[in-house]
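The values are calculated or read from the model by the stated rules, or taken from the named source; none is laboratory data. Since this is a predicted model, take the numbers as computed values, not measurements. FYI the Cβ positions are ideal-geometry reconstructions off the backbone, even for glycines, and counts take in every protein chain you see. The accessibility values were calculated without ligands, DNA or RNA, using every heavy atom of the protein model including side chains. Shrake-Rupley method; radii C 1.70, N 1.55, O 1.52, S 1.80 Å.
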Amino acid sequence: MSPSRGENSRAIVIVAETAADIASREALLDDAMGPMRRKKSSEKLRRGRRPSEGLAFVVRDAAGAVVGTVRLWDVRVGEGGPAALLLGPLAVDPALKNAGIGSALMRHALAEAARLGHAAILLVGDAPYYGRFGFSADKTGALAMPGPYERHRLLALELVEGALDGAHGTVKAAGRKLKALPLTFAA
């Protein structure tokens, strides 16, 4: 658990996501990002995968409702390239924008990724927002996402200096696959 002080001076408590959070997280993502979120190129890398071990977090309000979420995913940069993480989606309940929840989630996710020994994090997002956490397009010029994306929005942060030196090619999913649910047929 990681407490942080938001701009509204209430404690923001970040906890590991649990299976009980899935429906609430999905509803929050739909509300915050809209129905087109599932068509994004980042989603292609997440589909059918589990987040990187220990890197899925939520923020709950006083009533226990999920009001913020961030997850990081294992990826490989190019064919046989270095391992990295893909951050996203990061979302906060629209009614709580500017309360410091997104920033607290980002700081927590980055610290945990570094603590767990990851070397680099990629994301597709707005440089003015993510730049304040150290993300830039400086190391992504030779990288590509699967499917359509805006090149200038592909950003990276090296947690280990030089981790993305020479990295090139398309980012590929590399994480743990979701277990298939058994099919049941009605008689």
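Side notes on the structure shown:
- Between Asp31 and Ala95, the contour length at 0.36 nm per residue exceeds the Cα-Cα span by 22.0 nm.
- Cα Rg, Dmax (largest Cα-Cα span) when computed across the stretch 71-122, Å: 13.1, 43
- Straightening the chain between Lys172 and Glu43 buys 45.3 nm, computed as 0.36 nm per residue apart minus the Cα-Cα spacing.
- Shape index of the stretch 111-157: Rg/Rh, with Rg the Cα radius of gyration and Rh the Kirkwood radius from the inverse mean 1/r over Cα pairs, equals 0.99.
- Once divided by 2.2 N^0.38 Å, the Cα radius of gyration of the stretch 56-170 becomes 1.09.
- Only Lys, Arg (+1) and Asp, Glu (-1) charged, at Cβ; the chain dipole about Cα centre in debye: 440 debye
- Per residue, the chain reaches -5500 deg cm²/dmol at 222 nm when only DSSP H runs of four or more residues are counted, each adding -39500 (n - 2.57).
- Cα lying deepest toward the dipole's positive end in the chain, options Leu90, Gly131, Leu28, charges on Cβ: Leu28
- Taking the protein heavy atoms of the chain in the context of the full set of protein chains, the accessible area attributed to carbon and sulfur is 55 percent at 1.4 Å.
- Taken as Cα centroids, the stretch 97-166 and the stretch 27-76 sit 15 Å apart, rounded to the nearest whole angstrom.
- Förster-model FRET efficiency, 35 Å R0, Ser136 and Ala62, C-beta, rounded to 0.05: 0.45
- Average Cα contact separation per residue, the stretch 38-187, under 8 Å, 6 or more apart, as relative contact order %: 29 percent
- Anisotropy class of the stretch 26-86 from Cα gyration tensor, a/c 1.5 cut: oblate
- When only Cα pairs below 8 angstrom with a gap of at least 6 residues are kept, the stretch 71-151 shows a relative contact order of 27 percent.
- Excluding ligands, DNA and RNA, the accessible surface per residue across the stretch 44-169 is 44 Å² with a 1.4 Å probe.
- Straight-line cross-link partners of Lys40 among the aspartates and glutamates, defined as a Cα under 19 Å from its Cα and at least 8 positions apart when in the same chain: Glu26, Asp30, Asp31, Asp74, Asp126, Glu150.
- Amide H to amide H distances under 5 Å link Arg50 with Arg176, Lys177, Leu178, where only residues 5 or more positions off or on other chains count and H is placed in the peptide plane.
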